[in-house]
Amino acid sequence: MDLPTATTALRNKVGSSSELGATLKFDCGDDGVIVIDGASSPSAVDNTNRDTDCTIALSLTTLAEMMSGELDPMNAFMTGKITVSGDMGVALKLQSVL
């Protein structure tokens, strides 16, 4: 999966109303970033690198596995496939988005 495909897939999953109530960034390193703005109405998903309430660092492969349901976000965290900085409460709401 490439970044534009992942961005579109997340945009479709989030829709116009997310349960996040905050901003979250998936930082995929050299591949780029995907930001979910669940604090705005309607919710937005884009690739603008900016400060967010929570940042999750991971590979695009790991993001694809979480989006497909192949990898549980909590298991990804516990096994070190993702690292979380910022508001951990936002990260815990991730399962409702994915």
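The values are calculated or read from the model by the stated rules, or taken from the named source; none is laboratory data. Nothing here was measured: the structure is a model prediction, and the numbers come from that model. Don't worry about glycine lacking a Cβ; one is built from the backbone with ideal geometry, like all the others, and counts go over all protein chains shown. For the accessible areas, the whole protein counts, side chains as well, though only heavy atoms, and no ligand, DNA or RNA atoms are used. Shrake-Rupley method; radii C 1.70, N 1.55, O 1.52, S 1.80 Å.
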### Query
How much length is gained if the chain between Ser96 and Ser17 is pulled fully straight, taking 0.36 nm per residue apart and subtracting their Cα-Cα distance, in nm to one decimal?
27.3 nm
### Task
Let me know the charge dipole size of the chain about its Cα centre in debye, to the nearest 20, where only the beta-carbon of Lys, Arg (+1) and Asp, Glu (-1) is charged.
160 debye
### Summary
So, with points 7 Å from each Cα along the Cβ direction, the Asp51-Glu70 label distance in nm works out to 3.6 nm
### Message
Before I look further, what does the chain give for accessible area per residue, probe 1.4 Å, in whole square angstrom?
### Response
51 Å²
### Summary
Placing each pseudo-label 7 Å from Cα in the direction of the beta carbon, Asp30 and Asp2 end up separated by a distance in nanometres of 1.6 nm
#### Entry: segment 1-82: trypsin sites (Lys or Arg not before Pro) in DSSP coil with no more than 15 other Cβ atoms inside 10 Å
Arg50
### Query
In µm²/s, what is D for the chain at 20 °C and 1.002 mPa s, where D = kT/(6 pi eta Rh) by Stokes-Einstein and Rh is the Kirkwood radius from Cα pairs?
165 µm²/s
### Fraction of accessible area attributable to carbon and sulfur, segment 1-47 (%, probe 1.4 Å)
43 percent
### Query
Tell me, how many Å apart are the Cα centres for segment 66-98 and for segment 1-33?
13 Å
#### Entry: In sequence order, calculated HN-Hα J values of segment 40-51 (Karplus, 6.51, -1.76, 1.60; Hz; x Gly/Pro)
8, 10, x, 4, 9, 10, 8, 10, 7, 6, 8, 5
